Structures are given as C-alpha cells and as structure tokens.
Amino acid sequence: MPSGVEGDGEDSNHAIFLEGISREEFTHFVAWVYHVGSAAQHHTIPSLTAILKISRMWMIENSIEWAISNLEKLDLSPAHKLELTRRYSIPEWIPHATQALVISPLAVISKDDVSWLGLRVYSIIAKAWEMIECEQKTIAAVPPGLSLEPDPNCPASQHQLCREAWIRFWWHKVARQLLHPTRPLPLDAVIDYIASQPHPDGLRVACRERYVGEIIEGGGLHVVDAIVDGATGAIQHYLASL
Ligand SMILES: [Zn+2]
C-alpha cells in the first residue's frame with residue numbers, strides 16, 4: 001500500500017502510513033480479512049465500525065454491506081445508529097432510528113446519545129417530539145364529531161343523551177389517556193382503545209359509530225407519521241449536507 005512517504009514499509013522502523021486510519025482500526029480490518037468465513041471470529045462495535053470505515057474509504061462494496069448487516073445484529077441505540085450514519089453513510093438506518101427517538105420520551109435520551117446526535121439533530125428530534133405532544137393535547141381537548149347529524153334512527157330528544165354520553169366518555173376515558181403524564185396513549189391507538197372500552201350508557205351504537213368515523217376521517221390520528229416523516233427528511237437533508 002504505497003503512501004508516497006520515502007522508505008515506508010521497508011522495516012519495522014518505517015511503518016506504512018495510511019492517512020485517516022488508526023493502527024487499531026487497521027488491526028481490526030486485517031484480522032477480519034485473514035479470518036473471513038471463520039465462525040469463531042467475534043465482532044464488536046469497534047471492529048465492525050473499523051471494517052465499515054476502511055471498506056467505505058476503499059469502496060469495497062460487499063464488505064460495506066457485510067459490516068452494516070452485522071452492526072444491525074448488535075443492540076445499538078437509535079442515537080448511536082445516527083452517529084454511525086453521519087460518519088459512514090448508512091442512509092437506510094435514518095427513518096427507523098428517527099422514529100424510535102421521536103416517539104420515545106426525551107428523558108430517555110442519554111448524555112452519550114446527545115453527543116452522538118449533535119445539537120442540530122437533537123433539536124430536530126425535540127421539535128418533532130413537541131409537535132406530537134401538541135397534537136395529542138389538541139385532539140384530547142375537544143370530543144370529535146359533536147356537530148354531526150344524529151343517525152337517522154336516533155330521534156333528536158334521544159340524541160342529546162348520545163352527545164352527553166360521548167362527551168363524558170371522551171373526557172373521562174380517551175382524553176385522560178391521551179394526556180397521561182408518563183404513558184400517553186399514542187394517537188394511532190385511539191380507535192383500538194375506544195373499541196376495548198365498555199359501551200357508554202345512553203349512547204346509541206349507530207351514533208357512536210358516527211363519532212368514531214369522524215375521528216378516522218379527521219386524519220389526525222396519522223399526524224404522527226407525518227411528523228416522523230418530516231423529521232426524517234430534515235435529518236436526511238442535514239446529514240447529506242455534511
Ligand atoms: Zn344519537
């Protein structure tokens with residue numbers, strides 16, 4: 001591997017110099033090259049990242065894929081995955097890692113995670129997290145469908161009871177779950193949650209279906225997907241600009 005430095009590689013006093021690769025990284029790479037296919041070889045995060053880094057530098061495509069697929073088998077945190085993505089370009093990891101970070105409480109992001117993410121990516125995640133929290137509160141705040149016409153078989157005198165039963169159910173059950181301080185009900189679980197609850201007294205089944213239909217048609221339950229997509233796109237754009 002000629003480096004252009006006079007006399008390098010001639011003897012142990014003139015080691016070959018490989019720019020951008022540490023002795024430790026190269027040792028991992030060489031150990032791997034000489035033991036490819038050996039079942040006994042144990043791979044760690046440092047050894048796999050060294051193999052990935054050197055394979056990227058020298059554009060050894062099948063080694064890149066091998067290192068990434070083996071890193072996937074290790075239990076890396078989403079923040080660590082984004083750090084490796086930033087350094088060694090693994091764009092296929094960005095959507096899932098972003099989603100995992102955005103839908104978890106910010107409190108579970110450790111100091112190490114923050115240093116891996118960097119300020120820019122952390123702020124994208126924090127903003128997305130806040131947007132989701134705001135959507136939860138917005139949907140919880142108003143029982144959906146109150147302006148709907150009653151089912152044709154529900155007379156106006158009865159439907160007032162439907163409305164009152166729905167408002168009570170929403171506040172005492174659904175909104176309370178959506179606003180839970182530590183384990184808020186995810187928006188995409190609202191319909192299943194309603195289905196799991198006893199039918200509210202005084203609410204006609206047909207009118208209940210109308211209310212539930214209004215929640216689905218409102219599209220608000222999928223807003224989290226849109227926020228995650230937005231955060232993913234922002235992180236992709238930022239990492240591509242580095
Ligand atoms: Zn009704």
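The values are calculated or read from the model by the stated rules, or taken from the named source; none is laboratory data. Note that the structure is predicted; figures quoted are calculated from it, not measured. Virtual Cβ from ideal backbone geometry, glycine too; neighbours counted across all protein chains shown.
Return the only residue of Trp58, Trp116, Trp129 being of a type in the set (Phe, Trp, Tyr) and either over 27 Å from Ala226 (Cα atoms) or assigned by TED's automatic domain parsing to the domain that holds His28 (or both).
Details: Trp116 fails: either over 27 Å from Ala226 (Cα atoms) or assigned by TED's automatic domain parsing to the domain that holds His28 (or both); Trp129 fails: either over 27 Å from Ala226 (Cα atoms) or assigned by TED's automatic domain parsing to the domain that holds His28 (or both).
Only one candidate passes the filter, namely Trp58.
Among the residues making up region 137-156, those that are surrounded by 17 or more Cβ atoms within 10 Å (Cβ to Cβ) and more than 9 Å from the ligand (Cβ to nearest atom) are Ile139, Ala140, Pro143, Pro144, Gly145.
Examine region 65-72 for a residue that is touching a His at 6+ places or on another chain (Cβ under 6 Å) and not in a loop (DSSP other than H, G, I, E, B), and state whether such a residue exists. Yes, because at least one residue in region 65-72 is touching a His at 6+ places or on another chain (Cβ under 6 Å) and not in a loop (DSSP other than H, G, I, E, B). Checked against (1) small (Gly, Ala, Ser); (2) within 16 Å of the ligand (Cβ to nearest atom); (3) part of a helix (DSSP H, G or I); (4) surrounded by fewer than 18 Cβ atoms within 10 Å (Cβ to Cβ), Ser115 passes all but condition (2).
Residues of region 61-105 that are at pLDDT below 90 and over 26 Å from Val224 (Cβ atoms): Glu61, Asn62, Ser63. Apart from one condition, His42 fits all of (1) closer than 30 Å to Thr182 by Cα; (2) part of a loop (DSSP other than H, G, I, E, B); the exception is (1). Cβ-Cβ distances below 6 Å connect the following pairs, each with a first residue in region 209-230 that is more than 20 Å from Trp166 (Cα to Cα), a second residue that is surrounded by 13 or more Cβ atoms within 10 Å (Cβ to Cβ), and a separation of six or more residues or different chains: Val223/Glu135; Val224/Ile132; Val224/Leu187; Ile227/Ala128; Ile227/Met131; Ile227/Ile132; Val228/Gln99; Val228/Val102.
With the structure loaded, tell me whether Ala206 is over 21 Å from Pro105 (Cβ atoms), within 13 Å of the ligand (Cβ to nearest atom), among the aliphatic types (A, V, I, L, M) and loosely packed, with under 14 Cβ neighbours inside 10 Å or whether it fails that test. Judged against the criteria, Ala206 is a match.
For beta carbons closer than 7 Å, sequence separation of 6+ or different chains, a first residue in region 133-162 that is on the phi > 0 side of the Ramachandran plot and a second that is within 11 Å of the ligand (Cβ to nearest atom), the qualifying pairs are Gly145/Arg210; Gly145/Tyr211.
May I ask you to verify whether Ile124 is touching a helix residue (DSSP H, G or I) at 6+ places or on another chain (Cβ under 9 Å) and either in the same structural domain as Pro105 (by TED's automatic domain parsing) or in a loop (DSSP other than H, G, I, E, B) (or both)?
Values: touching a helix residue (DSSP H, G or I) at 6+ places or on another chain (Cβ under 9 Å): yes; either in the same structural domain as Pro105 (by TED's automatic domain parsing) or in a loop (DSSP other than H, G, I, E, B) (or both): yes.
Here the answer is yes, as Ile124 does meet what is asked.
Looking across region 222-238, just one residue is surrounded by 20 or more Cβ atoms within 10 Å (Cβ to Cβ) and of a type in the set (Gly, Ala, Ser), and that is Ala231.
Please verify whether region 137-154 includes one or more residues that are assigned to a helix (DSSP H, G or I) and touching a helix residue (DSSP H, G or I) at 6+ places or on another chain (Cβ under 7 Å). Show your work before the answer.
Filtering region 137-154 down to residues assigned to a helix (DSSP H, G or I) leaves 137-141.
Of the ones still in play, those that are also touching a helix residue (DSSP H, G or I) at 6+ places or on another chain (Cβ under 7 Å) are 139-140.
So far as region 137-154 goes, yes, one or more of its residues are assigned to a helix (DSSP H, G or I) and touching a helix residue (DSSP H, G or I) at 6+ places or on another chain (Cβ under 7 Å).
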